[in-house]
């Protein structure tokens, strides 16, 4: 009976909420970017409404030039002057030219822009990294191409545990580019990883039990240069059990004025029980780690963010018949090569 008077306010609450939602819809609709042509010399502004992607979101803007409709129709309706019929066939001086796309004999121009926008909502693991301490200005080693290749071949062959006593997954990737180029290059199809906390652990457990996706799930730590990864990126599939993991470590090497990142990439194909992890479970990786490595190259090429790429010697080859094992006992085989990717800061033509 104490709350009975409040029940009478429920209809009023529903009505006011409906009115408030209507006002919000009208507010955002009035400030949205209107679809339609923009006249030459004119400016247009407004909000784009899109799907929610936390962390770094890629925004692709494409501008099309549209010819004036009336002028195009007038040109297409002009009579074609008749030409005299030749007495004999006259060979063409040049092959026929196909009519350009765009309709009515017109040509359209397309200009692409790709922006990356930080979207709050997750505690990305790299936010607590002091990159200036990891890579102080006085420690940067600028390399020529021969020097860089030599340094890359001398890098540690694998990741390790926290104590540096046991070998883990192979170090099979090198990226050359600024921090912004790394994030923007992967922003369109990869997600950043959250730090480990009670909240993110619960999200991970819930996704595992329900078989759902958790795009920003924390990534377990692997160690290189005496520390765990500086950046962790992932590309998930339909469930949390299947995803590509990419871990990156910043180095003191520099090439063409850009920092060098060393990485490890593998593909999770399931979850299994293990006594080597505190939570008694671990992701099982695809033994063919080279496929994940080469997929990164393909993905960045499709995104037009690769200026150059190649391979250097890495962990050394091991066939499927005689695999090596990572920290949790998963076998892997490899050709032993380490992919090197020079990132383009913008979309390459």
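The values are calculated or read from the model by the stated rules, or taken from the named source; none is laboratory data. None of these values were measured; they are calculated from a predicted model. With ideal geometry, Cβ positions are generated from the backbone for all residues, glycine too; neighbour counts draw on all protein chains shown.
So, residue 53, is that one closer than 30 Å to residue 233 by Cα and either in contact with a helix residue (DSSP H, G or I) (Cβ under 9 Å, 6 or more places away or on another chain) or modelled with pLDDT of 85 or more (or both) or not? Can you show your working first?
Numbers: closer than 30 Å to residue 233 by Cα: yes; either in contact with a helix residue (DSSP H, G or I) (Cβ under 9 Å, 6 or more places away or on another chain) or modelled with pLDDT of 85 or more (or both): yes.
The answer is yes for residue 53.
Here is a check on your reading of the model: is residue 287 without any contact (Cβ under 8 Å) to a residue 40 or more places away in the chain and in the same structural domain as residue 242 (by TED's automatic domain parsing)?
Values: without any contact (Cβ under 8 Å) to a residue 40 or more places away in the chain: no; in the same structural domain as residue 242 (by TED's automatic domain parsing): yes.
Against the criterion (without any contact (Cβ under 8 Å) to a residue 40 or more places away in the chain and in the same structural domain as residue 242 (by TED's automatic domain parsing)), residue 287 does not qualify.
Which condition breaks for residue 218 when tested against (1) in contact with a strand residue (DSSP E or B) (Cβ under 7 Å, 6 or more places away or on another chain); (2) over 20 Å from residue 189 (Cα atoms); (3) modelled with pLDDT under 95?
Checking residue 218 against (1) in contact with a strand residue (DSSP E or B) (Cβ under 7 Å, 6 or more places away or on another chain); (2) over 20 Å from residue 189 (Cα atoms); (3) modelled with pLDDT under 95, the one that fails is (2).
Go through the residues of segment 159-166 one by one and say whether even a single one is assigned to a helix (DSSP H, G or I) and surrounded by fewer than 16 Cβ atoms within 10 Å (Cβ to Cβ).
The initial filter retains those residues of segment 159-166 that are assigned to a helix (DSSP H, G or I), namely none.
No, there is no match, as no residue in segment 159-166 is assigned to a helix (DSSP H, G or I) and surrounded by fewer than 16 Cβ atoms within 10 Å (Cβ to Cβ).
So which of 71, 129, 107, 75 is at pLDDT 90 or above and either more than 24 Å from the chain's Cα centre (by Cα) or surrounded by 10 or more Cβ atoms within 10 Å (Cβ to Cβ) (or both)?
Values: 71 fails: at pLDDT 90 or above; 107 fails: at pLDDT 90 or above; 75 fails: at pLDDT 90 or above.
None of the others qualify; the one that does is 129.
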